[in-house]
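All remarks here apply to the structure that follows.
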Amino acid sequence: MKLQEALDSYLPLIEEELHACMAPPPHNPLAFYGTMRYHLGWTDDQFRASQAKTGKRLRPLFTLLTCQAAGGDPHDALPASAAVELIHNFSLIHDDIQDKSDTRRGRDTVWALWGEAQAINAGDAMFTLAHLALQRLVERGLPPDRVAAAYRTLDQANLALCLGQHLDLDFENRLDVDTDAYMTMIRGKTAALLGSAGQLGALVASPDSGLAEHYRNLGEELGLAFQIQDDVLGIWGKADVTGKPVADDIRRRKKSLPVVYVLGRQNDPDAERLRVLYAQEALSEEDVAEAVAILDGCQARPYAEELARQHLERALMQLEAARPDPEADEALRELAQFLIKRNY
């Protein structure tokens with residue numbers, strides 16, 4: 001099965017499951033579910049039905065594909081796929097508050113429209129709805145012990161995600177972040193949830209814990225490759241493709257992998273100059289251009305791209321070890337290649 005076939009078949013099912021999990025109960029204040037549905041791209045800021053950008057839905061798609069790869073029926077994994085996507089979006093609502101981001105996917109963020117307090121509440125509610133979504137696995141006939149394992153998997157990933165966010169926030173005011181610390185951060189903030197998506201898919205398909213471990217490792221390695229590619233695009237991506245200004249991560253003084261790689265070079269004049277630039281409260285456009293030139297001179301982009309390729313190779317080794325269903329195997333391999341070759 002080609003990736004596009006999987007997208008055409010599974011994305012409508014994922015969207016239908018998400019809508020079911022997010023259906024407001026009777027006599028509920030419109031704005032309570034409305035703020036969450038707005039964030040998911042289903043309404044405008046007046047809570048009227050509309051269709052905005054919803055994100056790639058890669059995590060729930062990965063859950064369904066790993067379920068199929070492990071010999072299960074992807075339909076049975078739909079509640080798990082929705083739970084993963086809701087956890088991801090709960091984290092985005094909170095991230096936007098913590099990062100003071102006014103826009104996401106081309107629209108005002110929840111906190112920018114309704115204030116920090118209501119945005120925190122909306123994120124908390126979505127976190128709860130993610131757990132209620134997992135309860136729907138019981139209706140799909142999953143045994144109680146595997147439902148319990150699914151809850152444990154999701155909660156462990158969420159705890160790792162919070163640790164990753166803690167480190168990311170901590171790094172904002174530090175110049176001593178090394179690549180090991182950076183990798184620990186993205187392993188929590190990005191890779192853990194994709195790993196949990198893969199593990200959940202396999203858990204629904206089979207009681208084999210070893211098989212689930214392969215798919216968790218597959219997801220984690222792909223998550224690392226995905227984030228590293230994001231870091232590359234955040235500096236060198238084309239504005240007309242990514243929707244963000246060139247070198248926007250530099251402008252925001254983000255400690256992305258290419259930057260951390262150079263900052264960690266000892267007794268290096270280029271590293272010292274980059275530290276001086278990043279120590280400023282704000283960077284001028286000339287500063288941004290100089291920082292990019294330093295990264296280019298230090299070969300930071302090839303370094304990051306090679307590391308992403310290595311994690312992709314490790315991911316594919318995990319996929320081979322799992323001996324997946326051939327149809328899902330094809331789509332998963334294509335998805336893996338997309339994650340590090342994408343330009344947006």
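The values are calculated or read from the model by the stated rules, or taken from the named source; none is laboratory data. Because the structure is predicted, anything quoted here is derived from the model rather than measured. Here Cβ is always computed from backbone atoms with ideal geometry, including for glycine, and neighbour counts include all displayed protein chains.
Would you tally the residues in region 271-289 being surrounded by 17 or more Cβ atoms within 10 Å (Cβ to Cβ) and charged (D, E, K, R)?
Selection size over region 271-289: 1.
Any residue in region 78-102 that is touching a residue at least 40 places away in the same chain (Cβ under 8 Å) sitting within a Cβ distance under 6 Å of a residue that is of a type in the set (D, E, K, R) and buried (at least 20 other Cβ atoms within 10 Å of the Cβ)? List the pairs, counting only those 6 or more apart or interchain.
Listed by first residue and then by second, the contacts come to Leu78/Glu17; Ala82/Glu17; Val84/Arg59; Glu85/Arg59; His88/Arg59.
In region 29-50, is there at least one residue being in contact (Cβ under 8 Å) with a residue 24 or more places away in the chain, farther than 19 Å from Arg216 by Cβ and touching a Ser or Thr at 6+ places or on another chain (Cβ under 6 Å)?
Yes, region 29-50 has at least one match.
Assigned to a helix (DSSP H, G or I), closer than 22 Å to His166 by Cα, modelled with pLDDT of 95 or more and not charged (D, E, K, R), is that true of Gln227?
Yes, satisfied.
Hey, among Gly72, Gly34, Gly41, which residue is under 16 Å from Gly198 (Cβ atoms) and not polar (S, T, N, Q)? So that I can check it myself, show each step before the final result.
Numbers: Gly34 fails: under 16 Å from Gly198 (Cβ atoms); Gly41 fails: under 16 Å from Gly198 (Cβ atoms).
Unique residue meeting the criteria: Gly72.
Pick from Arg59, Arg37: which is assigned to a helix (DSSP H, G or I), modelled with pLDDT of 95 or more, among the charged types (D, E, K, R) and under 26 Å from Phe226 (Cα atoms)?
Details: Arg37 fails: under 26 Å from Phe226 (Cα atoms).
None of the others qualify; the one that does is Arg59.
Scanning for something touching a Phe, Trp or Tyr at 6+ places or on another chain (Cβ under 6 Å) and surrounded by fewer than 19 Cβ atoms within 10 Å (Cβ to Cβ), does region 61-71 turn up at least one residue?
no
When both residues are 6+ apart or on different chains and their Cβ atoms are under 9 Å apart, which pairs have a first residue that lies in region 114-125 and is among the small types (Gly, Ala, Ser), and a second that is not in a helix (DSSP H, G or I)?
Correct list of pairs: Ala119/Thr109.
For Gly210, indicate whether it is surrounded by fewer than 22 Cβ atoms within 10 Å (Cβ to Cβ), of a type in the set (Gly, Ala, Ser) and not in a helix (DSSP H, G or I).
In short, no.
Only one of (1) in a helix (DSSP H, G or I); (2) modelled with pLDDT of 95 or more; (3) closer than 16 Å to Glu172 by Cα fails for Leu283. Which number is that?
Going through (1) in a helix (DSSP H, G or I); (2) modelled with pLDDT of 95 or more; (3) closer than 16 Å to Glu172 by Cα one by one, Leu283 breaks only (1).
On the given criteria, is Leu263 among the aliphatic types (A, V, I, L, M), crowded, with 17+ Cβ neighbours inside 10 Å, touching a Leu at 6+ places or on another chain (Cβ under 9 Å) and in contact (Cβ under 8 Å) with a residue 60 or more places away in the chain?
Values: among the aliphatic types (A, V, I, L, M): yes; crowded, with 17+ Cβ neighbours inside 10 Å: yes; touching a Leu at 6+ places or on another chain (Cβ under 9 Å): yes; in contact (Cβ under 8 Å) with a residue 60 or more places away in the chain: yes.
Yes: the conditions hold for Leu263.
Have a look at Ala112, Ala160, Ala125, Ala130 and point out the one that is assigned to a helix (DSSP H, G or I), modelled with pLDDT of 95 or more, in contact with a strand residue (DSSP E or B) (Cβ under 8 Å, 6 or more places away or on another chain) and surrounded by 14 or more Cβ atoms within 10 Å (Cβ to Cβ).
The conditions single out Ala112.
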